[in-house]
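Peer 1: Have a look at the structure that comes next, please.
The values are calculated or read from the model by the stated rules, or taken from the named source; none is laboratory data. Because the structure is predicted, anything quoted here is derived from the model rather than measured. Counting neighbours? That spans all protein chains shown, and the Cβs are built from the backbone with ideal geometry, glycine included.
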């Protein structure tokens with residue numbers, strides 16, 4: 001969804017932003033603990049890119065459709081940027097977290113519920129009382145998805161009459177299983193992607209194109225021409 005806004009996809013990042021780093025070092029708790037400064041700096045660079053980006057025509061098409069038909073569209077995203085929200089889909093289900101949010105690496109040993117925003121600045125920031133480190137609010141390899149997010153996404157998939165699967169490689173589970181859940185429950189599944197994905201066989205139709213190219217036309221009102 002966000003590649004056309006200038007935010008590299010995971011695959012693109014492996015040959016761009018990620019080319020000098022092992023993904024497991026940059027996106028795992030073990031990697032963060034081993035070299036917190038490097039990981040924090042890398043996410044700071046990614047955050048700058050997200051803040052500089054703007055929603056594209058695909059994001060706006062989804063938001064316009066949702067505003068015109070309240071309660072009809074549920075957006076489920078693996079993206080960790082905030083472009084859906086800035087376009088207007090404030091209730092999008094974020095399976096992999098929020099790159100612009102901070103959270104503590106460990107549960108507070110003193111059970112204070114301190115705000116990470118009040119941590120002492122650093123690379124990364126840390127708690128002045130217990131030394132707890134601040135980390136990005138994303139889902140790293142081997143971690144559970146945010147509480148309730150997957151359940152809400154699966155519920156939406158089972159209830160859907162149609163599912164648009166946009167831009168995913170279909171390689172990351174459990175998110176990749178949502179298309180099969182929807183099809184098994186009777187939904188019409190359409191994949192929009194400029195490249196083949198690992199779940200193309202789950203679709204009734206596969207449309208080769210990008211989000212910004214395809215979604216405005218697919219979601220336009222019938223009388224809009």
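Peer 1: Residues in the range 123-131: is at least one buried (at least 16 other Cβ atoms within 10 Å of the Cβ), without any contact (Cβ under 8 Å) to a residue 24 or more places away in the chain and not in a loop (DSSP other than H, G, I, E, B)?
Peer 2: Scanning the range 123-131 turns up at least one residue that is buried (at least 16 other Cβ atoms within 10 Å of the Cβ), without any contact (Cβ under 8 Å) to a residue 24 or more places away in the chain and not in a loop (DSSP other than H, G, I, E, B).
Peer 1: State yes or no: is residue 11 at pLDDT below 95, under 28 Å from residue 142 (Cβ atoms), surrounded by 12 or more Cβ atoms within 10 Å (Cβ to Cβ) and in contact with a helix residue (DSSP H, G or I) (Cβ under 8 Å, 6 or more places away or on another chain)?
Peer 2: No; evaluated as a whole, the condition is false for this residue.
Peer 1: Output the residues belonging to the range 92-120 that are part of a loop (DSSP other than H, G, I, E, B) and either in contact with a helix residue (DSSP H, G or I) (Cβ under 9 Å, 6 or more places away or on another chain) or crowded, with 17+ Cβ neighbours inside 10 Å (or both).
Peer 2: 92, 95, 96, 105, 119
Peer 1: Would you check which residues across the range 165-195 are modelled with pLDDT of 95 or more, touching a strand residue (DSSP E or B) at 6+ places or on another chain (Cβ under 8 Å) and part of a loop (DSSP other than H, G, I, E, B) and list them?
Peer 2: Answer for the range 165-195, where residues must be modelled with pLDDT of 95 or more, touching a strand residue (DSSP E or B) at 6+ places or on another chain (Cβ under 8 Å) and part of a loop (DSSP other than H, G, I, E, B): 187, 193.
Peer 1: Now, a different point. Residue 39: in contact with a helix residue (DSSP H, G or I) (Cβ under 8 Å, 6 or more places away or on another chain) and modelled with pLDDT of 95 or more, yes or no?
Peer 2: no
Peer 1: Moving to a separate point now. Residue by residue through the range 203-225, note down the ones that are closer than 12 Å to residue 164 by Cα and either in a loop (DSSP other than H, G, I, E, B) or touching a strand residue (DSSP E or B) at 6+ places or on another chain (Cβ under 6 Å) (or both).
Peer 2: 203, 204, 205, 206, 207, 211, 214, 219
Peer 1: Then there's this: Is there any pair linking a residue in the range 150-163 that is on the phi > 0 side of the Ramachandran plot and loosely packed, with under 15 Cβ neighbours inside 10 Å to one that is in a helix (DSSP H, G or I) and at pLDDT 95 or above, with Cβ under 8 Å and at least six apart or on different chains, and which?
Peer 2: Cβ pairs passing all conditions: none.
Peer 1: Taking into account only those residues within the range 31-76 that are in contact (Cβ under 8 Å) with a residue 60 or more places away in the chain and not in a helix (DSSP H, G or I), which is surrounded by the fewest Cβ atoms within 10 Å (Cβ to Cβ)?
Peer 2: Selected residue: 74.
Peer 1: Name the residue that is modelled with the highest pLDDT, counting only residues in the range 18-30 that are surrounded by 16 or more Cβ atoms within 10 Å (Cβ to Cβ) and closer than 20 Å to residue 78 by Cβ.
Peer 2: Filtering first and then ranking leaves 28.
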